[in-house]
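Colleague: I'd like to ask some things about the structure below.
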Amino acid sequence: MKRKTAIVTGASRGIGRGIAIELGRAGYRVTINYAGNLKAAEEALELVTEAGGEGIIVQADVSSAEDREGLVARTLEAFGRIDLLVNNAGVAPNVRADLLECGEESFDRLFGINLKGPFFLTQKVAGRMLKQDPDESGFRGRIVNVTSISVYTSSINRGDYCMVKAGLAMMTKLFADRLSQDGINVYEIRPGIIATDMTSGVTEKYDKLILEDGITPIRRWGKPEDIGRAVRAVAEDYLPFSTGEVINVDGGFHLHRL
Ligand code: NAP
């Protein structure tokens, strides 16, 4: 069977790497996108290959139109088609600042990388998917957006992050609707608290919240692999009659408890 192909943005480290490895296990050919950390991207490629997949590494800042163009072009050059786009790359504010004091620079940075980049990359990739022949299940492609529990959880010291993630959730619904007649399903994967570089600065705080206070009904940190397995379910077409769907991968954080 011909290998399917995916672009995973921000796949050098953390959640994106976990997703790329799981796609490797599913036999995918993966474009491992990274921003600046080539060594981490090379390690990720090795792990994807060990898992049974293939891949290429492409440096691109998703907030740059020129870089997004290059990312898609390099993928098509190498693989000829794109079966899956995973908009995973994302950043937290450099400094957590109170809502009454946070600045425009951080807002613009987060908006560019976490929302504008995924929007225009999706537009470009969906345009390409529309030109592809459907696969054996009738799919022209699938798109996954990695959001966060910050879509609905207020953190007043990183409001910019919460707002752009909420925007990304809306973006999922919009593309799901627009592409629903075209053999392209779109999903939102909503991680909880996952152990990566992004959360390494707040380990102590979350250790207490998770392990002592039980903020997540399942009392453990999430792992990149947890998100990877959810993406793999989409990649292997286990959710063919769902689109615009939110998949919570958060240890039950979203439950209201009494
Ligand atoms: P991470 O460990 O900090 O890794 C970030 C990844 O994104 C790296 O591969 C990085 O590449 C890449 N990246 C950063 N800026 C980029 C840009 N402008 N263009 C392309 N790639 C870029 O983060 P993570 O924790 O894995 O988070 C991944 C996604 O999950 C993000 O969207 C984040 O908001 C979301 N999320 C994370 C958590 C959590 O608890 N960790 C929870 C909910 C949602 P380099 O290696 O080259 O820097």
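The values are calculated or read from the model by the stated rules, or taken from the named source; none is laboratory data. Since the structure is predicted, the reported quantities are computational estimates derived from the model, not experimental observations. Because the Cβ atoms are built from the backbone with ideal geometry, glycine has one as well, and the counts that use them run over all protein chains shown.
Colleague: Only one of (1) touching a strand residue (DSSP E or B) at 6+ places or on another chain (Cβ under 6 Å); (2) surrounded by fewer than 16 Cβ atoms within 10 Å (Cβ to Cβ); (3) among the hydroxyl-bearing types (Ser, Thr, Tyr) fails for Thr147. Which number is that?
Modeller: (2)
Colleague: Given (1) modelled with pLDDT of 95 or more; (2) hydrophobic (A, V, I, L, M, F, W, C); (3) over 30 Å from Arg29 (Cβ atoms), identify the lone condition not met by Ala235.
Modeller: Going through the list (1) modelled with pLDDT of 95 or more; (2) hydrophobic (A, V, I, L, M, F, W, C); (3) over 30 Å from Arg29 (Cβ atoms), Ala235 breaks only (3).
Colleague: Next up: Taking the range 41-50 only, how many residues are surrounded by fewer than 19 Cβ atoms within 10 Å (Cβ to Cβ) and either under 17 Å from Val72 (Cβ atoms) or of a type outside the set (Val, Ile, Thr) (or both)? Step through it out loud before you land on a result.
Modeller: In the first step, residues of the range 41-50 are kept if they are surrounded by fewer than 19 Cβ atoms within 10 Å (Cβ to Cβ); the result is 42-43, 46-47, 49-50.
Subsequent filtering for residues that are either under 17 Å from Val72 (Cβ atoms) or of a type outside the set (Val, Ile, Thr) (or both) retains 42-43, 46-47, 50.
Summing the residues that are surrounded by fewer than 19 Cβ atoms within 10 Å (Cβ to Cβ) and either under 17 Å from Val72 (Cβ atoms) or of a type outside the set (Val, Ile, Thr) (or both) in the range 41-50 gives 5.
Colleague: Oh, and also: When you scan the range 183-198, do you find a residue that is more than 10 Å from the ligand (Cβ to nearest atom), assigned to a helix (DSSP H, G or I) and at pLDDT 95 or above, even just one?
Modeller: Let us first name the residues in the range 183-198 that are more than 10 Å from the ligand (Cβ to nearest atom), namely 183-188.
If we keep only those that are assigned to a helix (DSSP H, G or I) as well, we get none.
Among the residues of the range 183-198, not one is more than 10 Å from the ligand (Cβ to nearest atom), assigned to a helix (DSSP H, G or I) and at pLDDT 95 or above, which makes the answer no.
Colleague: Determine which single condition Ala89 fails, assuming it passes every other condition in (1) more than 16 Å from the ligand (Cβ to nearest atom); (2) under 26 Å from Ser155 (Cα atoms); (3) surrounded by 17 or more Cβ atoms within 10 Å (Cβ to Cβ).
Modeller: Answer for Ala89: the failing condition is (1).
Colleague: For residues that are near the ligand (Cβ under 8 Å from one of its atoms), surrounded by fewer than 24 Cβ atoms within 10 Å (Cβ to Cβ) and either of a type in the set (Lys, Arg) or within 25 Å of Gln132 (Cα to Cα) (or both), tally how many sit in the range 1-37.
Modeller: Residues flagged as near the ligand (Cβ under 8 Å from one of its atoms), surrounded by fewer than 24 Cβ atoms within 10 Å (Cβ to Cβ) and either of a type in the set (Lys, Arg) or within 25 Å of Gln132 (Cα to Cα) (or both) within the range 1-37 amount to 1.
Colleague: Within the range 97-121, work out how many residues are assigned to a loop (DSSP other than H, G, I, E, B) and either within 22 Å of the chain's Cα centre (by Cα) or of a type in the set (Gly, Ala, Ser) (or both). Break it down into steps so the answer makes sense when it comes.
Modeller: Filtering the range 97-121 for residues assigned to a loop (DSSP other than H, G, I, E, B) gives 97-103.
Going one step further and asking which of them are either within 22 Å of the chain's Cα centre (by Cα) or of a type in the set (Gly, Ala, Ser) (or both), we end up with 97, 103.
Within the range 97-121, residues that are assigned to a loop (DSSP other than H, G, I, E, B) and either within 22 Å of the chain's Cα centre (by Cα) or of a type in the set (Gly, Ala, Ser) (or both) number 2.
Colleague: In the range 110-127, is there at least one residue being within 16 Å of the ligand (Cβ to nearest atom), more than 13 Å from Ile7 (Cβ to Cβ), surrounded by fewer than 17 Cβ atoms within 10 Å (Cβ to Cβ) and not aromatic (Phe, Trp, Tyr)?
Modeller: Yes - at least one qualifying residue is present in the range 110-127.
Colleague: Write out, first by first residue and then by second, each pair whose Cβ atoms fall under 8 Å of each other, whose residues are 6+ apart or on separate chains, and whose first residue, in the range 133-153, is of a type in the set (S, T, N, Q) while the second is assigned to a loop (DSSP other than H, G, I, E, B) and more than 16 Å from the ligand (Cβ to nearest atom).
Modeller: These pairs meet every condition: Ser137/Asp237; Ser137/Pro240.
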